[in-house]
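So the structure is just underneath, and the comments pick up after that.
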Amino acid sequence: MDNVTPLGGDVYEIDTRMAGYSGITAGYLILGDRPCLVETGTSTSAPVVRDALASLGVGPDDLATVVVTHIHLDHAGGVGDIAGFYPGAEIVVHEKGARHLADPSRLMASARMVWGDQLDVLFGALSPTEASRIRALGDTGDIDLGGGRVLTSHYAPGHAKHHVGLLDSATGDLYVGDAAGVYLPETGDLRPATPPPDFDLRTALDSVALFGALGPQRLLFSHYGPVADVTGTLERSAEELKVWVDLTRQAHTEGLDLDHAVAMVRDRTRERYAASASDDENVRERFEMLSGAPSNVAGILYWLERTKPET
């Protein structure tokens, strides 16, 4: 299939075709003795992911585990549907997100308030998963991939309080979710992901530092794809977080409202990203969808307003 890319080490990137776009959200299949899907994408993407797994020989009874880095709908919105397609699969998530997969009503209500009618087009509805099938992880935990291979979960909040990074013992791949930001492979741009309500600068920087300390060989971004320059990329991730926070703090100090703060930050950061100057309108649109300035600035403003940070 044209949305499946082999990455080596029995790892396959799956373009979930979120909202019909290519290159927005990736899921990853680790095709070991106990096949494991990392990230499901949205509910509307679930049939796309199922067909991709089928093309790789994974049938309804073959998938052992589904694990998500966090429960935002672009990463975990398809969990309920995928759980239905693969009745033997265990669903793994951090303990702070587990109850929302079993009963998504509050999560969906909150998402509806943010996205309105766009919710149905972009994400669809997260269906509930039987609580007995959900395994809730603490700050660390191991997922058995078979043959001595293990995917180890490491708690990495900052982007979201239910976020984890996942390290593959066989390949050294680190699945970073959104904790290291979003990456645009066409241009090499890296931009932070700082949505409300959970963003916290110190915690986000600590999560990036943790990723470096784990010594991964490669970073696998949910948005989007593999990156081999681990050290340089994580350094850029921390730098971009600081730049966006500094600019948003300046706007906040000047008393700008959200719209004006977004306009200022967007203008001041434009030259940092090749995508902003791209002649390809699809690239510019996709970069904004991946990590929209309004969402990022709103998350930082919310953090600034509820704390008195020293940094």
Practice prompt. Hey, can you tell me all the residues within segment 133-152 that are charged (D, E, K, R) and either over 19 Å from G32 (Cβ atoms) or more than 21 Å from the chain's Cα centre (by Cα) (or both)?
Written response: R133, D139, D144, R149
Fill in: Selected residue [surrounded by 14 or more Cβ atoms within 10 Å (Cβ to Cβ), among the hydroxyl-bearing types (S, T, Y) and more than 21 Å from S43 (Cβ to Cβ)] from S153, S127
S153
Worksheet item: Somewhere in segment 26-34, is a residue at pLDDT 95 or above, farther than 24 Å from G181 by Cβ and touching a strand residue (DSSP E or B) at 6+ places or on another chain (Cβ under 7 Å)?
Response: yes
Discussion item. So for segment 213-226 (the condition being open to solvent by less than 10 Å² (accessible area, probe 1.4 Å) and assigned to a helix (DSSP H, G or I)), does at least one residue qualify?
Written reply: no
Worksheet item: Taking segment 250-279, which residues are open to solvent by less than 80 Å² (accessible area, probe 1.4 Å), in a helix (DSSP H, G or I), in contact with a helix residue (DSSP H, G or I) (Cβ under 6 Å, 6 or more places away or on another chain) and closer than 19 Å to G181 by Cβ?
Response: V262, V265, A275, S276
Fill in: helices (runs of 4 or more DSSP H) contained entirely in segment 15-85, each with at least 1 residues that are crowded, with 23+ Cβ neighbours inside 10 Å and among the acidic types (D, E)
73-76, 79-85
Fill in: Yes/no for V114 being open to solvent by 10 Å² or more (accessible area, probe 1.4 Å), over 26 Å from D168 (Cα atoms), without any contact (Cβ under 8 Å) to a residue 40 or more places away in the chain and of a type outside the set (D, E)
yes
Worksheet item: In segment 112-135, what residues are out of contact with any Leu (no Cβ under 9 Å at 6 or more places or on another chain) and either at pLDDT below 85 or over 16 Å from G80 (Cβ atoms) (or both)?
Response: M113, V114, G116, D117, Q118, D120, V121
Worksheet item: Could we say that L190 is farther than 20 Å from R236 by Cβ and part of a strand (DSSP E or B) here?
Response: no
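Rundown of residues vs (1) touching a Lys or Arg at 6+ places or on another chain (Cβ under 9 Å); (2) modelled with pLDDT under 95, yes/no style:
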| site | (1), (2) |
| --- | --- |
| F211 | no, no |
| L241 | no, no |
| L256 | no, yes |
| D259 | no, yes |
| M264 | no, yes |
| R270 | no, yes |
| D279 | no, yes |
| F287 | yes, yes |
| G299 | no, yes |
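Taking segment 253-287, which residues are among the polar types (S, T, N, Q) and in contact (Cβ under 8 Å) with a residue 24 or more places away in the chain?
Selection gives T269, S278.
The values are calculated or read from the model by the stated rules, or taken from the named source; none is laboratory data. All values derive from a computational prediction rather than experimental measurement. Cβ: placed from backbone, ideal geometry, glycine included. Neighbour counts: every protein chain shown. When the accessible area is computed, the model is the full protein with side chains, heavy atoms only, and any ligands, DNA or RNA have been set aside. Shrake-Rupley method; radii C 1.70, N 1.55, O 1.52, S 1.80 Å.
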